[in-house]
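In what follows, a single structure is set out as structure tokens and then discussed.
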């Protein structure tokens, strides 16, 4: 089994894409079993033997699609990032590109809630943070989010300094995600108060004038 120290970027890629519904169903079983085990055991104790046992599959059936547990975690991470992004996108029509501080806090609360509701969600985020080979999952998701914000801003406010607003949205997206990680790892924190403070901080950056 590869370790965090020696797995390569290539080793976390799926081996093949399913061509039939049966293959899709097998992948769903693998991901559901893995998420359950993450919830119960955490990241370090997860392994492919346990995944196979929980999913009711033989090791060759799992290895047909995933070479190791890190490839499974990548698929789980991509799924979680889509859910988080969708929770944010669903609010954009309501708030527009110039939300209030409370709107930002509410958006972050939505992302926090869907993460906590997703089986294994907190552990998936920890795995993405702790495994360098999985960093592209987060970067790709956040890059998509920043592009969505920038495109909306430019379409609604022609003449926007694209480089400046892209930098600010990147700060906002990365800061918001870091706060979600902090809340997950510090369950005693007041979630709503923390997100309200974060909303004010990020709104101040978004609402500020051009950089000097």
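The values are calculated or read from the model by the stated rules, or taken from the named source; none is laboratory data. Quick caveat: nothing in here was measured; it's all calculated off a predicted structure. Neighbour counts are summed over all protein chains in view; Cβ atoms, including those assigned to glycine, are modelled from backbone coordinates with ideal geometry.
Brief remarks on what is shown
- None of 39, 78 is closer than 25 Å to residue 185 by Cα, modelled with pLDDT of 90 or more, surrounded by 15 or more Cβ atoms within 10 Å (Cβ to Cβ) and assigned by TED's automatic domain parsing to the domain that holds residue 132 except 78.
- For the residues 99, 67, the requirement of being closer than 30 Å to residue 165 by Cα, outside any helix (DSSP H, G or I) and more than 11 Å from the chain's Cα centre (by Cα) singles out 99.
- Residue in the stretch 113-123 that is on the phi > 0 side of the Ramachandran plot and in the same structural domain as residue 172 (by TED's automatic domain parsing) present: yes
- In this entry, residue 158 passes the filter for residues that are farther than 19 Å from residue 71 by Cβ and outside any helix (DSSP H, G or I).
- Options 113, 136: the member that is surrounded by fewer than 17 Cβ atoms within 10 Å (Cβ to Cβ) and at pLDDT 95 or above: 113
- Only one of the numbered conditions (1) over 16 Å from the mean Cα position of the chain (by Cα); (2) surrounded by fewer than 12 Cβ atoms within 10 Å (Cβ to Cβ); (3) within 30 Å of residue 41 (Cα to Cα) is violated by residue 163, and that is (3).
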